[in-house]
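Every number here is computed from the coordinates shown, using simple stated rules; none is lab data. Everything quoted here is computed from the prediction, not taken from an experiment. Note: ideal-geometry Cβ built from the backbone for every residue, glycine included; neighbour counts use all protein chains shown.
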Amino acid sequence: MVAWSQLRLNKGIGAMRFLILGCLFLLSGSLCDYSVSAEPEVVALWEGDVPGAAGSEDKDTPRLILYPAAENPSGTAVVICPGGGYGGLAMGHEGHQIAEWLNKNGISAFICDYRHRGKGYGHPYPLMDVQRAIRMVRKNAEAWKINPDKVGVLGFSAGGHLASSVSTHDSIGKLVDDEIDGMPCRPNFSVLCYPVIGFGKPYTHRGSQRNLIGDQAEKELVEFYSNEEQVDEKTPPTFLWHTTQDKAVPVENSIEYYLACKKHNVPASLHVFEQGRHGIGLAVGTKAAFAWPQLCIEWMQELGFANGSPSN
């Protein structure tokens, strides 16, 4: 039995300067369809003492970054787990840009700024933080205008590993005596984007494994976090996408998780594109993988988690 204790933008002078700045602005806008338009609200996952915190600095305080859907809200919420190999967080193209995209589709988004090795934390703190994030979203469903039964999780790379972990593992237990901890922590669906899945496998991303559980982890802990082995009937419906050209996190990670879902009769959709390096986020500019965001929305429509009907 794994012990959880082992297991955290003034005015310019002259028309030329104005013109240059204007061109730069237009260029930057053309590079990304999903730019951040305003500072979102940020809330701490815990008030007061944070379970397992080594201090009280910003790095010791996991947070939730709020992007409520303002237009045509569907009632669906998605907790976003940016990637970064459990040593950092790719907050731009795997965080804020994703939240903006979801908002454009009527889906509220909540970025989980979770603890990781770059902040001094490994297992079990990333999982602890994302479970708390899902619980917090459900607890604030009325205030944040979402349906507590339509809360999903979406993750990239190591954030995909974290998203698959919260999709395949039960609660680590009641950590503080508050109402949030009494809420369910399993998501209703998951979206895994070029995810790290297996630990201790030929296709494992070693850096993510090392940052989360170390180089000398016991076999039981390695197996615990090899999430294709943890899929069961309680695992939520899953959308996966990957590229064959991904050399950092091989496509076998997504394939094995998909096969595990199939084995356990868990609804799952897998999309593998030939071209595209690792870490491409919304995949703008790629030849085929750019289709994944629309495919994902249509999958969510099929399951009743997004407004509208899938295109024929």
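Here the spin labels are modelled as points 7 Å beyond Cα on the Cα-Cβ line, and at Glu47 and Glu142 they lie 1.6 nm apart. For the chain, the mean residue ellipticity at 222 nm estimated from helices alone is -8500 deg cm²/dmol, where every DSSP H run of n ≥ 4 contributes -39500 (n - 2.57) and the total is divided by all residues, rounded to the nearest 500. Fewest neighbouring Cβ atoms within 10 Å first, the residues Asp60, Asp232 line up as Asp232, Asp60. Considering only Leu154, Cys185, Ala291, the residue lying farthest towards the positive end of the dipole of the chain is Ala291, judged by Cα position with unit charges set on Cβ.
The gain in end-to-end length when the Leu259 to Asn72 segment is fully stretched comes to 63.8 nm, 0.36 nm per residue minus the alpha carbon separation. Here region 94-120 is scanned for amide nitrogen atoms under 19 Å from the site 7 Å beyond the Cα of Ala54 along Cα-to-Cβ, giving 113-120. Of all DSSP-defined beta bridges confined to the chain, some 25% are antiparallel rather than parallel. Straight-line reach from Lys150: taking Cα to Cα under 25 Å and skipping same-chain neighbours fewer than 8 places apart, the lysines in range are Lys104, Lys139, Lys174, Lys234, Lys262, Lys263.
In this label model, Tyr203 and Val284 are separated by 3.0 nm, measuring between points 7 Å along each Cα→Cβ vector.
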